[in-house]
Amino acid sequence: MKRTLSIIILLVSTFGFATEQIPDILIWKNDTISLHSNPLGSYPKLDELNLFGDEDAGYSTACWREYIAEWKIIENKLYLSNIYSCDYSYSENKIKADLKKLFPTEYDNGMVLANWHPGKLSVPNGKLINREFKIYESEWVLGIRKGKVINEKKFDNSESHISIYTQNQESLNDFISKNINWNDIPHLEKGNHIVYGLIKSGNLKTEFSVEIKSRTEYKELEKEALRILKSLPEFDFYIKAGEVINVAYTIPIMFNEEYRPK
């Protein structure tokens with residue numbers, strides 16, 4: 001049975017996102033995987049660790065945590081195998097932390113058992129569908145307890161869909177402008193008249209809800225904005241690890257008498 005996780009995001013007239021972060025690395029089942037979980041972040045004494053000593057590890061807006069960790073799953077146990085500086089992809093510049101010095105009591109045979117990491121570990125697989133929500137075609141969710149993998153389950157996320165109207169602002173603008181029924185709109189006073197609609201995704205790409213979030217002196221504009229947004233042929237639909245992720249976008253629709261067809 002699918003569960004639902006609601007995420008509300010505000011999207012007005014532009015689409016912009018923060019710098020994508022460089023992921024950790026997981027070596028598992030003979031594959032090297034980009035890991036979008038951060039097990040080292042749950043280490044209780046992380047703030048006390050001077051990861052790279054006196055060496056200048058550099059800085060990157062794509063690496064706010066200031067390190068890239070490498071992990072291995074061996075015999076159903078999760079190990080920290082390396083910690084690199086943020087310029088990991090540039091082999092001549094990267095700095096590697098001394099795990100033996102950082103974890104003197106936990107260090108064993110070149111690695112550290114991640115016995116501090118609670119809960120779950122999400123391991124992506126296949127094609128990336130949505131970069132913002134880190135949704136891949138499929139993923140493993142590993143249950144971790146005291147460094148041991150106690151269970152694993154694979155999920156299919158391939159039904160997820162990114163609408164052309166959220167991918168491309170021009171596509172949305174074009175749809176709105178072409179579908180305004182000016183015959184139902186009275187003569188407008190000079191200037192822009194903006195109506196904000198809220199679209200919420202549902203359990204299918206063709207299942208979404210629309211409501212008006214602003215009021216104007218022209219009730220006809222609110223009615224027209226609602227009709228246009230409801231007529232969208234499809235919208236975003238996301239599923240991740242068995243959960244439907246509901247997203248909401250605030251969409252501005254601008255009416256101006258100058259745009260009325262002559």
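Bear in mind these aren't lab numbers, they're just calculated from the coordinates by the rules spelled out. All values reported here derive from a predicted model rather than from experimental measurement. With ideal geometry, Cβ positions are generated from the backbone for all residues, glycine too; neighbour counts draw on all protein chains shown.
Observations
- Here the Karplus curve 6.51 cos²θ - 1.76 cosθ + 1.60, taken at θ = phi - 60°, turns the phi angles of the range 186-195 into couplings of x, 4, 9, 5, 4, x, 8, 10, 10, 10 Hz, with x standing for Gly and Pro.
- Neighbourhood net charge (14 Å Cβ-Cβ; Lys/Arg +1, Asp/Glu -1) for Leu40: -3
- Relative contact order of the chain, taken over Cα pairs closer than 8 Å and 6 or more residues apart, is 20 percent.
- Phi to ³J(HN,Hα) by Karplus 6.51 cos²θ - 1.76 cosθ + 1.60 over the range 242-254, Hz, x for Gly, Pro: x, 10, 7, 9, 8, 10, 9, 10, 8, 10, x, 10, 9
- Euclidean distance of C-alpha centroids, the range 147-202 and the range 52-71, integer Å: 37 Å
- Between the Cα long axis of helix 169-179 and the first principal axis of the chain there is an angle of about 20°, rounded to the nearest 10.
- Mean projected area (nm²) of the alpha-carbon convex hull when the range 164-259 is viewed from all directions: 6.2 nm²
- For the residue pairs Lys178/Lys200; Lys178/Lys213; Lys127/Lys178, the alpha carbons lie more than 27 Å apart in Lys127/Lys178.
- Ala114 long-range amide H proximity, modeled H, under 5 Å: Leu78, Tyr79, Leu80
- Over every Cα atom in the chain, the radius of gyration and the widest Cα-Cα span, Dmax, amount to 24.5, 80 Å.
- The lysine pair count for the range 27-121, using Cα distances under 23 Å and pairs eight or more places apart or on different chains, is 18.
- Computed packing ranks the peptides 250-257, 189-196, 103-110 as 250-257, 189-196, 103-110, most packed first, by mean other Cβ atoms within 10 Å.
- 0 to 90° range, to nearest 10: angle between helix 219-230 axis and the chain longest Cα axis: 50 degrees
- Counting only DSSP H runs of at least 4 residues, each contributing -39500 (n - 2.57), and dividing by the residue count of the chain, the helix-based mean residue ellipticity at 222 nm comes to -3000 deg cm²/dmol.
- Alpha-carbon geometry of the range 17-156: the Rg and the Dmax are 15.1, 45 Å, given in that order.
- Packing-based order for 227-235, 143-151, 78-86, 177-185, using average beta carbon neighbours within 10 Å, highest first: 78-86, 227-235, 143-151, 177-185
- Shown in residue order for the range 197-209 are the 3J(HN,Hα) couplings computed by the Karplus curve 6.51 cos²θ - 1.76 cosθ + 1.60 at θ = phi - 60°: x, 10, 9, 10, 6, x, 9, 8, 5, 9, 10, 8, 10 Hz (x for Gly and Pro).
- For Val210, the shell of other residues with beta-carbons less than 14 Å away shows a net charge of -1, using +1 for Lys and Arg and -1 for Asp and Glu.
- Under 5 Å from the amide H of Ser163 lie the amide H atoms of Asp236, Phe237, each residue being 5 or more positions distant or on a separate chain, with H modelled from the backbone and absent for Pro and chain starts.
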